[in-house]
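The values are calculated or read from the model by the stated rules, or taken from the named source; none is laboratory data. Quantities reported herein were computed from a predicted structural model and do not represent experimental measurements. Glycine also receives a Cβ, built like all others from the backbone with ideal geometry; neighbour counts cover every protein chain displayed. The protein model used for the area step is the full one, side chains on, heavy atoms only, and it has no ligands, DNA or RNA in it. Shrake-Rupley method; radii C 1.70, N 1.55, O 1.52, S 1.80 Å.
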Amino acid sequence: MVNSSNCVDLGEATLAISDAVDLVGITALQHGKRVAFMALETARAFGIEESWQRELFRAALIHDCGVSSSETHKRLVNELDWAGSREHCERGYKLMRDFEPFANLAELILHHHTHWESPLRQEIKPGIFLLSNLIHLTDRVDALVTQHQGSDLLLTRKSILTRIAALSGSFFDPALVKAFLETSASEAFWLTLESHHLERQINETALHFADTRELTSPELMQLAKIFARIVDDKSRFTAEHSIGVSRLSRLLGQLSGLSAKDCELLEIAGLLHDIGKLRVPDEVLDKPGPLNEAEFAVIERHTFETWQILRRVRAFNQVAEWASFHHESICGNGYPFHRHDGEISIQARIVAVADIFQAMAQDRPYRPTAGPDGVRAVLARMTAIGHLDSTLIASVEANFDACWEAATGKEHVKTT
C-alpha cells in the first residue's frame, strides 16, 4: 500500500480492508470474499461488462465495511432482514465516499440491502441498483451458507436456492435470481466457497483486476483513516484511540530525529496498529473489569491479526512491522513474536510508547484518565521492567505537555 513513491495497488488495498472486516465474524470468516466470488460469477453470466465487474468485485469484498460490532455481524448472518439493516450500509457509504479512488464504490455499498420492491429503487440509477442488488442477493446467500456452517454445501445448497428463489421479485431482481440459479447449478461453484479454494480464486481475480495508482500523501492518510474508523467503531471504549496514537507516534518520530517520510509512515502505523482487534468479541473488548486467562488469550491475537492483514499488501511490509510489534518488549517477553531489543526498530518502539501513553491518558467509560502523574508512573514502571525504550521515555518526559496534547487532542493544563 505504501512505498517511496506512494504507489498503491487498489486491489491489494481492497483485500486488506476485506481481511479486516472479515475478522468481525470471529469464527465466520471470509464473508466478503464469498460474496465477491458469487457476485462476480453471476455478473459474468448476466453479461455485465468487465469494467463494471471490477467495481462490483471490489464493492462486494468490502460491502460490510460499516460493520465493526460482532453483535451486528451475528444479526447479519442469522437474520435474513431486519429494520436496522440499512445502518451499516450508510456507515460504509460515509467511509468510502470521500476517498476518491473508492468513491465509485460508495453507492453500491449504500444500497446493498435495498430490496427490489422498495420505493427507494426509483431514486437510484438503474446500473447502480443492479450491481448493489446483486451484492444484496449474494450477501443473503452467504448468510444462509453461514447458517449451514459445518454441513456439506453440496447437500444443503438445494434448501438455500429454494429460499433465494422464493425472494425473487421482492428482495431481488428476478433476472438476477435467474442468472444466479443458472450460475450456481454446478458443484464447482459451491466447492469454490471452501476456504482453501476461495482464497486462491480471490487472489487470482484481484491480480486480474490489478490497478496501481500514485496516491498523494493526503489520499494515503485518508486510506489509513478508513481502517482506523472501522476499528474505532468497534467499541465505544476505544473511539479516537487510533487517532491519538498516530499523532503521538508522529511527534515522537520528529523528536527522535527521524526523516519526514518516516514520521508520515509512523502516523499511518499508529492509525493501523489495532486492526486485529476487530476479531475480539464485543463483550471481551468492552469488559469493564480484569480479563481472565481465556479472554486475555483472545486479546493477544490482535497484533498477529494486524500483521497478517497489513503484510498482504506487498508495499506495506515496513509499516506492518511498526504497527504489529507494539506489544513486543525490549526484554523479549512481549507478544506475539517475542522480539527483543535489537530486533525491534525505533519506529516499533515509538508506536509501543504512544499506545500505552494514549490508552492511559484517555477517558474511558469504565475508568477515568490516569492523568499526567498516572501516565508518568505507568511509563516509568514499564521502562523499569524492560518493556519500553528508556531513551524514548526520557524524550516523552522532556516534552510531556506536547505529548499529552498529541495523545488526547487537549492541552495539558498544569495545576498549582
| said: On the basis of being surrounded by fewer than 20 Cβ atoms within 10 Å (Cβ to Cβ), in contact (Cβ under 8 Å) with a residue 24 or more places away in the chain and among the charged types (D, E, K, R), does ARG364 make the cut? | reply: yes
| So which residues in the stretch 133-181 are under 19 Å from LEU110 (Cα atoms), among the polar types (S, T, N, Q) and touching a residue at least 60 places away in the same chain (Cβ under 8 Å)? | THR138
| message | Just to check your reading of the model, which residue among VAL231, VAL245, VAL280, VAL284 is closer than 28 Å to THR72 by Cα, in contact with a helix residue (DSSP H, G or I) (Cβ under 7 Å, 6 or more places away or on another chain) and surrounded by fewer than 23 Cβ atoms within 10 Å (Cβ to Cβ)? | response | VAL284
| request: Looking only at the stretch 355-368, decide whether some residue is out of contact with any Leu (no Cβ under 6 Å at 6 or more places or on another chain) and more than 21 Å from VAL231 (Cβ to Cβ). | output: yes
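May I ask you to list the residues in the stretch 155-170 that are open to solvent by 60 Å² or more (accessible area, probe 1.4 Å), under 16 Å from GLU182 (Cα atoms) and not charged (D, E, K, R)? Before you say what the answer is, go through the steps one by one.
Within the stretch 155-170, the subset open to solvent by 60 Å² or more (accessible area, probe 1.4 Å) is 155, 158-159, 162-163, 166.
So of that shortlist, the ones also under 16 Å from GLU182 (Cα atoms) come out as 158-159, 162-163, 166.
Within the stretch 155-170, SER159, THR162, ALA166 meet the criteria.
Could you look through the stretch 309-320, keep only residues that are assigned to a helix (DSSP H, G or I) and open to solvent by 70 Å² or more (accessible area, probe 1.4 Å), and pick out the one that is farthest from LEU23 (Cα to Cα)?
Per the stated criteria, the residue is GLN318.
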| request: Answer with yes or no whether LEU251 is at negative phi, aliphatic (A, V, I, L, M), open to solvent by less than 40 Å² (accessible area, probe 1.4 Å) and touching a Ser or Thr at 6+ places or on another chain (Cβ under 7 Å). | output: no
| field | Any pair with Cβ under 7 angstrom, 6 or more apart, that starts in the stretch 22-38 at a residue that is open to solvent by less than 10 Å² (accessible area, probe 1.4 Å) and ends at one that is among the hydroxyl-bearing types (Ser, Thr, Tyr) and outside any helix (DSSP H, G or I) | value | VAL24/SER68
